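Coordinate-derived values only; no laboratory data. Note that the structure is predicted; figures quoted are calculated from it, not measured. Cβ placement follows ideal geometry from the backbone for every residue including glycine, while neighbour counts extend to all protein chains displayed.
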Ligand SMILES: Cc1ncc(COP(=O)(O)O)c(C=O)c1O
């Protein structure tokens, strides 16, 4: 189940790497000896086993996807060197790999001459984008939708930038009419367009936001941390396709290889359309850089030490699975989306459930039908637990009543939000597991609703 077929190839690669340094004089390493190592590893595994099975298709809850085997192995290989991509001195090869891998990501959006780099994750990447935005639009407001990731409000607080939310429509997307009214006041510096919200995978209407930018002249930051790779998928609905096709017109983009890009955690990416913003990062450091006159990654990023291993893993993954429409990587994304649509259709056709809207990416939200929203909310939590006992792991979300209104039927909307079930079907394998997921969900729901067949 936990794939280990790659290990012989890994050991062969490790020997080749060692051969690359064979000219050096031998030295005594401080390795602890095999017995102590084995004992410690076993103790570690005992602790690690106390986890949900995130790697398995029956884990269909939060936004978690196992790294590709090649990413794990390339990361582990690089750990023997432990390069630091802060500067070329500490990470010569992996800095070059980072630049190549990031250029391939930027190319998905048609960007050739840009500024960009990897970083710790979506939060750090968004922080850099808003930090730049705040300097270029000093004193002006940052706007993001009510369904944007909470990180934007928090980051704005850290950067001491004024922040406001914009309401969403009934499909969880930024309400363009509300935005139009708000930007009309003239004090907005940056609009964050979420290209795939965390809760429902809704894609903000970028074409309409771009039209407003043409009129009012604010910056657009595309938070595509989750949805950014879907530009490669060819089975999207019209709204998402139209919006994602225009990401390249944003001023900055955040995309997380550690979400949909098959990477271990610690791999986010920020891109700026105008490479000139690099001047805002300027700093003096007399001690770090001496081996090259070329711009170091540390000179264009806020973080200093960063894992070169993350760049090696990303580079290797993109070499095996190029970021191309119609390619193996893109087909994997399409399969997740097909899984979400298939599960959604089952839920919509079943009288036990209420659904919100058609998924735009690969996230499905639903709740059990009941006399009232309060009752349904309580039942959602019970179904979540009953499913987990059957090894089906879902997530619970709290979503505005507005998302459900059209489909409530006789259910009384007696609270402002509905606690619902949420399933992120982001693994390519999920498509083959929809029937099994449905069986387990169905049995858990029957148990909680006391339905006997
Ligand atoms: C749209 C969006 N932006 C930002 C983030 C934050 O990213 P990270 O958890 O990598 O810091 C997330 C995380 O789920 C997200 O979905």
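Here the contact order of region 104-211, divided by its residue count and restricted to Cα pairs under 8 Å and six or more residues apart, works out to 26 percent. Pairs of Cα atoms nearer than 8 Å and 6+ residues apart set the relative contact order; for region 176-235 it is 40 percent.
With Kirkwood's inverse mean 1/r over C-alpha pairs for Rh, give me the Rg to Rh ratio of region 333-453, two decimals please.
Rg/Rh: 0.94.
Taking all C-alpha pairs of the chain, those more than 36 Å from each other amount to 34 percent.
At an R0 of 30 angstrom, the distance between the Cβ atoms of residue 23 and residue 89 translates into a FRET efficiency of 0.90.
Quickly rank 2-11, 326-335, 116-125 as a protection proxy: mean count of other C-beta atoms within 10 Å, highest first.
Values: 2-11: 10.7, 326-335: 18.0, 116-125: 24.0.
Sorting 2-11, 326-335, 116-125 by mean packing, highest first, produces 116-125, 326-335, 2-11.
The slack between residue 159 and residue 283, meaning 0.36 nm per residue of separation minus the straight C-alpha distance, is 42.8 nm. Between the beta carbons of residue 16 and residue 214, assuming R0 = 45 Å, the FRET efficiency works out to 0.25 to the nearest 0.05. With 0.36 nm allotted per residue and the present C-alpha distance subtracted, the residue 238-residue 406 stretch has 58.4 nm of extension available. Summary of packing: across the peptides 263-273, 144-154, the per-residue average of other C-beta atoms within 10 Å ranks them, highest first, as 263-273, 144-154. Evaluated at q = 0.10, 0.13, 0.23 Å⁻¹, the base-10 log of the normalised Debye intensity for region 224-345, with identical point scatterers placed on the Cα atoms, takes the values -0.42, -0.66, -1.43. Here the calculated FRET efficiency for residue 435 and residue 385, from their Cβ-Cβ distance with R0 = 22 Å, stands at 0.45, rounded to the nearest 0.05.
Please give the contour-minus-distance gain from residue 56 to residue 177: 0.36 nm per residue of separation, less the Cα-Cα distance, rounded to one decimal in nm. Write down the numbers at each step before the final one.
Values: separation 121, 0.36 × 121 = 43.56 nm, distance 4.18 nm.
Computed gain between residue 56 and residue 177 is 39.4 nm.
Taken along the Cα-to-beta-carbon direction at a fixed 7 Å, the label points for residue 45 and residue 396 span 3.4 nm. Starting from the Cα of residue 371, move 7 Å in the Cα-to-Cβ direction to define the label point; list residues of region 437-453 whose amide nitrogen is under 16 Å from there. Within reach of a label on residue 371, which here means backbone N under 16 Å from a point 7 Å along Cα→Cβ, region 437-453 contributes 449-450.
Relative contact order of region 157-299: 17 percent, from C-alpha pairs under 8 Å at least 6 residues apart in sequence. With the cut-off at 1.5 for a/c, could you classify region 1-105 from its C-alpha gyration tensor as rounded, prolate or oblate? Verdict is oblate for region 1-105. Between residue 170 and residue 5, the simple label model (points 7 Å from Cα in the Cβ direction) yields a spacing of 4.8 nm.
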